[in-house]
Amino acid sequence: MTYSGSVGQTFKHHELGLSDSQVIEMYTMMQMARVFDERCMLLQRAGKINFHVSGIGQEAAQVGAAFALDREQDYFLPYYRDYGFVLSVGMTLRELMLSVFAKAEDPNSGGRQMPGHFGSKKLRIVTGSSPVTTQVPHAVGLALAAKMKKKPFVSFVTFGDGSSNQGDFHEGCNFAGVHNLPVIFMCENNRYAISTPFHKQSAGKISDRALGYGFPGVEVDGNDVLEVYRVVKEARERAMRGEGPTLIDALTYRISPHSTSDNDLAYRTKEEVDEHRSKDGILFFKQYLMDCGIWDEEQNQALLKQLREQLDDATSYGDKASFPAPEDTLLHVYADSEGQGGQ
């Protein structure tokens, strides 16, 4: 990933139709996801929360994709590392912290699910379940509904490289290809399925698999937020023209362990992690903004201070909120006879 230029030039984001304020907002979302993720790691180590699945290193892919989609029309099926994505489409730090602390006010699941199982009717984030990759056929079903009802939206679904080897992925791609559906599949290829490296679980490129299902596959630098924005935007435009699905393989890296229950140095070296840390998409995008003359270190420090203050508020709110009441255990599990979604 390389950026160059001087103040006064037309920069890449201008060519993509993005304003200076929009790319600063993108950077803000990337940093917001990062500080949230780091705080959750600390909270777990301090015994304040039970578990956390991290997405550190994948923020560029998540935020770039979110900004390329229509937040008023499209439907989103993110996977469990997608903090940057859900923040970018409108979820708040307080709402994420309520989920982390498993509190009753949690809008994702009412404190019933592990963190990372996102869901918001208001934001069109379709509730995810714990078995990996089940969100892929759900996304395809939504895309089928869009086509049948002639609704102007696409469904966008993310998953890890390990998920790309599950049956749900292949069945979803095949169905979407057969019916030419408006769905975008994006693999956040972080090179590991928990502890299994990519080369031991997958043969060839994930993007090449799309050819077998009759639609395009695109490989993109997942640490380059503007490139991810470009390919997702093109995929959406293609879907909206009735030209069907696209599979995007966003090559990135999970800098953090798989989860707080994982010792990542048991299967990879510190040197490998440090090498990829130097290619962090946040660092590169910060430098890009500085090269454009629209960002400086003083602004950066002010932003981080502001984000940490917001995070302190969200953490305090989530910690003090009430847990779900035991008598509400079966609420929203079964529909009642009137279809009100009660007991």
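The values are calculated or read from the model by the stated rules, or taken from the named source; none is laboratory data. Keep in mind that what you see is a predicted model, and the values were worked out from it rather than measured. Every residue, glycine as well, gets a Cβ built from its backbone with ideal geometry; the counts of neighbours run over all protein chains shown. Quick note on the areas: whole protein, heavy atoms, side chains included, nothing else; ligands and nucleic acids left out. Shrake-Rupley method; radii C 1.70, N 1.55, O 1.52, S 1.80 Å.
Let me know the whole percent of all Cα-Cα pairs from the range 1-125 that are separated by more than 18 Å.
Within the range 1-125, distances greater than 18 Å cover 55 percent of Cα pairs.
Wrap a convex hull around the Cα atoms of the chain, take a quarter of its surface area, and give that in square nanometres.
Its average projected convex-hull area is 18.4 nm².
Which lysines have a Cα lying under 19 Å from the Cα of residue 320, excluding residues fewer than 8 positions away in the same chain?
Reachable lysines: 48, 103.
Under unit Cβ charges (Lys, Arg +1; Asp, Glu -1), what dipole magnitude, rounded to 20 debye, does the chain have relative to its Cα centre?
620
Can you list the chymotrypsin sites (Phe, Trp or Tyr not before Pro) in the range 20-60 that are in a DSSP coil and have 16 or fewer other beta carbons within 10 angstrom?
When the chymotrypsin sites (Phe, Trp or Tyr not before Pro) of the range 20-60 are filtered for loop state and at most 16 Cβ neighbours within 10 Å, 51 remain.
Based on Cα positions only, what radius of gyration and what Dmax would you give for the range 125-181, in angstroms?
Using the Cα atoms of the range 125-181, the pair Rg, Dmax is 11.3, 33 Å.
To the nearest 10 square angstrom, how much accessible area does residue 140 have with a 1.4 angstrom probe?
Residue 140 has an accessible surface of roughly 10 Å² with all protein chains in place.
Test of understanding: given the chain, find the longest segment containing no trypsin sites (Lys or Arg not before Pro) that are in a DSSP loop and have at most 13 other Cβ atoms within 10 Å.
The answer is 242-343.
Please work out the C-alpha center-to-center distance from the range 244-308 to the range 104-162 and express it in whole Å.
Cα centroid of the range 244-308 versus Cα centroid of the range 104-162: 25 Å apart.
Which whole-number value in Å² is the accessible area per residue of the range 1-131, probe 1.4 Å?
The answer is 38 Å² per residue.
Hey, what number do you get for the chain at 222 nm if only DSSP H runs of n ≥ 4 count, each worth -39500 (n - 2.57), divided across all residues, to the nearest 500?
The per-residue figure over the chain is -13000 deg cm²/dmol.
If you take the beta carbon distance between residue 272 and residue 320 as r and set R0 to 45 Å, what does 1/(1 + (r/R0)^6) give as a FRET efficiency, to the nearest 0.05?
The calculated FRET efficiency here is 0.65.
Using the basic label-point model (7 angstrom from Cα toward the beta carbon), what is the residue 199 to residue 333 distance in nanometres?
Distance between the two pseudo-spin positions: 4.7 nm.
What part of the accessible area of the chain, given as a whole %, is carbon or sulfur when the probe is 1.4 angstrom?
So the carbon and sulfur contribution to the accessible surface is 51 percent.
Taking only Cα atoms and a 10 Å spring cutoff, compute GNM fluctuations for the chain and point out the largest among 252, 92, 133.
Comparing 252, 92, 133 in a Gaussian network model of the chain, the most mobile one is 92.
Please work out the average accessible area per residue across the range 158-252, using the 1.4 Å probe convention, and give it in Å².
Averaged over the residues of the range 158-252, the accessible area is 38 Å².
How large is the convex hull of the C-alpha atoms of the range 76-161 per residue, in Å³?
It comes to 93 Å³ per residue, whole-number rounded.
If amide H atoms are built 1.01 Å from N in the plane of the peptide, which residues on other chains or at least 5 residues away come under 5 Å of the amide H of residue 49?
44
In this model, which of 233/279; 12/205; 12/200 are farther than 31 Å apart at the alpha-carbon?
12/200
Have a look at the range 68-220 and give its Rg and Dmax from the Cα atoms, expressed in angstrom.
That works out to 15.7, 45 Å for Rg and Dmax.
Dividing the convex hull volume of the alpha carbon atoms of the range 205-343 by its residue count, what do you get in Å³ per residue?
267
Could you tell me what a quarter of the Cα convex hull surface of the range 150-279 works out to, in nm² with one decimal place?
With the hull built on Cα positions only, its mean projection is 8.6 nm².
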